[in-house]
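Have a look at the structure below, then the notes.
The values are calculated or read from the model by the stated rules, or taken from the named source; none is laboratory data. The structure presented is a predicted model; accordingly, all values stated were derived computationally and were not measured. Note: areas computed on protein heavy atoms with side chains; ligands, DNA, RNA excluded. Shrake-Rupley method; radii C 1.70, N 1.55, O 1.52, S 1.80 Å.
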Amino acid sequence: MRFLILLFSLFLTLPTLAAKSGPIEVTPFAGYRLGGDFTIAGDFYDMSESQSLEIEIDEGSSFGVIVAWPYDNKRQGELLISHYESELIPASLLSPYTSDLSVTYLHIGGNVPLSNSLVPFWFSGGFGVTHFSPEAKELDDETKLSVNLGFYSKLQLNDRIAIRLGARVYATLIDSQDALFCDKNTCKIAISSDMWVQSELSAGLTFTF
């Protein structure tokens, strides 16, 4: 619900952005998100770190919107929202539960052209936050800083509409000493490194206003 409210608010601002900065490109997209396993914190089971149990995150479909505007003659600024509904899957019978988990990226950044051939390519990147929202009531939401890097290409259908195909890698910055998804008494899940990484393949339609 929060994601839909954010999208609605974004579209309300588009006429103002277009009037101030020139042509605005809006790309609703669908994608497929991969990667991003977790480990259960060792102290939850009174175990050493070497005995920590793994929880996998289910691969699945994502969706979102990209809004781009002119920065100079070649480069564009870019606002990215990407949402994904997944599930925590225990890799061991000792794991205490499963839970649905939504992961949303909100990033601002930009892109630069890499080629102007018949099939042009752009390099894109940005930074912002990752919002984790587990369905299990005993687990808290978490918001962490993150960055993304990617490539995309566009196939122009006419002056106003293009097909956009892209791939991105998201890296969420997490201190490996910290735990995630804490309730009032304890923290259930920990990250095994300083970065939590996912990748995403996407396809969408770009509308120019």
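Before moving on, here are some points about what is shown:
- Heavy atoms of Val26 accessible to a 1.4 Å probe, total area in Å² rounded to 10: 0
- Accessible-area ranking of Trp196, Trp122, largest first, probe 1.4 Å: Trp122, Trp196
- The residues Arg33, Arg75, sorted by heavy-atom accessible surface at 1.4 Å with ligands and nucleic acids left out, run Arg75, Arg33 from largest to smallest.
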